[in-house]
Amino acid sequence: MKRYKGLKRVDNYIKAYKAYQARLKAPDLSREDYETLLLDKEREKEEQESFKKVERVISQRQAADGQVEYFCKWTGLGYEHCTWETHDMIRATSKPQIEAYQRREAEGKFPYRSAYYPKDKRPAFERLNSDPDYLSETGGELKDFQLTGLNWLAYLWSKGSFYLLVPAQRAYPI
């Protein structure tokens with residue numbers, strides 16, 4: 001067991017269980033405190049059940065054995081707890097999330113799927129006087145200063161002057 005990567009988690013679980021049992025058997029524990037501990041344990045079980053539900057499918061890949069795997073974000077947990085799960089494992093319980101992921105992928109509203117324009121052959125700038133269709137279709141609405149900022153960015157991009165700063169502090173033209 002010492003080579004098992006999750007040994008620390010197992011140890012922590014055992015310590016927490018022993019501490020819980022010790023609190024339940026404490027001689028000075030009132031009836032209200034006893035009920036509170038039991039209710040907390042029940043709430044914790046319900047919470048853990050929600051962690052088993054896929055909230056969102058983030059990505060997809062082909063496993064070495066040829067099976068499709070999905071990168072899943074679990075309900076109630078942060079993105080650091082996302083895991084790769086096989087299609088067979090989640091298909092029955094997460095069909096709407098898989099379909100939503102496939103719809104998002106089919107839309108193609110991603111920078112890596114956009115048309116590439118060399119710096120010197122970009123289309124001429126056209127001022128936006130109202131919210132772009134892709135924004136108003138989703139119910140979004142820009143404030144005046146946001147529309148001004150979007151026009152400024154579009155102008156800079158059309159002139160080939162727009163650069164993206166990445167964490168490494170290097171500038172890359174877009």
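The values are calculated or read from the model by the stated rules, or taken from the named source; none is laboratory data. What you are looking at is a predicted structure, and each value in this text was computed from that prediction instead of being measured. Heads up, the Cβs are rebuilt from the backbone with ideal geometry, glycines too, and the neighbour counts pull from every protein chain shown.
Annotation: of all residues in the stretch 143-174 being surrounded by 10 or more Cβ atoms within 10 Å (Cβ to Cβ) and of a type in the set (S, T, Y), the one that is modelled with the lowest pLDDT is Y163. Under the condition of being farther than 27 Å from Y17 by Cα and either modelled with pLDDT under 90 or among the small types (G, A, S) (or both), the residues counted in the stretch 66-87 number 1.
Contact annotation: residue pairs with Cβ atoms under 8 Å, 6 or more positions apart or on different chains, pairing a residue in the stretch 7-22 that is closer than 19 Å to Q48 by Cβ with a partner that is outside any helix (DSSP H, G or I), are V10/M1; V10/Y4.
Quick grid of which residues meet (1) exposed (fewer than 10 other Cβ atoms within 10 Å of the Cβ); (2) within 30 Å of E46 (Cα to Cα); (3) in contact (Cβ under 8 Å) with a residue 40 or more places away in the chain:
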position	(1), (2), (3)
W74	no, yes, no
G78	yes, yes, no
C82	no, yes, no
M89	no, yes, no
S94	no, yes, yes
E99	no, yes, no
R127	yes, no, no
E137	yes, no, no
E141	no, no, no
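Suppose we keep only residues that are within 16 Å of A100 (Cα to Cα) and of a type in the set (A, V, I, L, M) within the stretch 26-67. Which one would you say is surrounded by the most Cβ atoms within 10 Å (Cβ to Cβ)? Residue satisfying both the conditions and the ranking: V57.
For the stretch 105-115, check the following and say yes or no: at least one residue is surrounded by 11 or more Cβ atoms within 10 Å (Cβ to Cβ), among the acidic types (D, E), in a helix (DSSP H, G or I) and at negative phi. So far as the stretch 105-115 goes, yes, one or more of its residues are surrounded by 11 or more Cβ atoms within 10 Å (Cβ to Cβ), among the acidic types (D, E), in a helix (DSSP H, G or I) and at negative phi. Filtered by the rule that a residue be assigned to a helix (DSSP H, G or I) and either touching a Phe, Trp or Tyr at 6+ places or on another chain (Cβ under 7 Å) or farther than 30 Å from Y134 by Cβ (or both), the stretch 51-100 gives E80, H81, H87, D88, M89, I90, I98. In the stretch 57-68, the residues that are within 15 Å of M89 (Cα to Cα) and touching a residue at least 40 places away in the same chain (Cβ under 8 Å) reach residues that are in a loop (DSSP other than H, G, I, E, B) and not basic (K, R) with C-beta atoms within less than 8 angstrom, at least six apart or across chains, in these pairs: V57/S94.
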